[in-house]
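FYI, it's all coordinate maths here, none of it is from the lab. For clarity, every value in this text was computed on a predicted model and none was experimentally measured. Neighbour counts run over all protein chains shown; Cβ positions are idealised from the backbone, glycine included.
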């Protein structure tokens, strides 16, 4: 993380990060302070990415017109592909059969 990005991060979180940094420096814990700030930012980014992924999956679920619950649908979508097949082939086949079954119900 570049020096300027680190300072931007500090100023975005604290109104006066210089006092906070001097406090940690005077205690001989500046390295701990920097490590904690970087770890917190890393965790924030991971949570943001997970939330974005969940939103994308929800959008795909809504447009899939699946009869499964969201959690069941998500498990199916995220499970590894069968050996010899790609995940897209599995979804395409099951989606196509689902559409056909809606138009031509089993007797």
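Convex hull over the Cα atoms of the range 1-64, averaged projected area in nm²?
For the Cα atoms of the range 1-64, the hull's average projected area reads 5.4 nm².
Going 7 Å from the Cα of residue 96 toward and past its Cβ, which residues in the range 64-83 have a backbone nitrogen under 17 Å from where you end up?
82
On full extension of the chain, what length is gained from residue 77 through residue 29, given 0.36 nm per residue of separation minus the C-alpha to C-alpha distance?
12.7 nm
In what sequence do 62, 37 fall when counting other Cβ within 10 Å, fewest first?
Ascending Cβ contact count within 10 Å gives the list 62, 37.
Give me the distance in nm between label points sitting 7 Å out from Cα along the Cα-to-Cβ direction at residue 51 and residue 36, one decimal.
Between residue 51 and residue 36, the simple spin-label model gives 2.3 nm.
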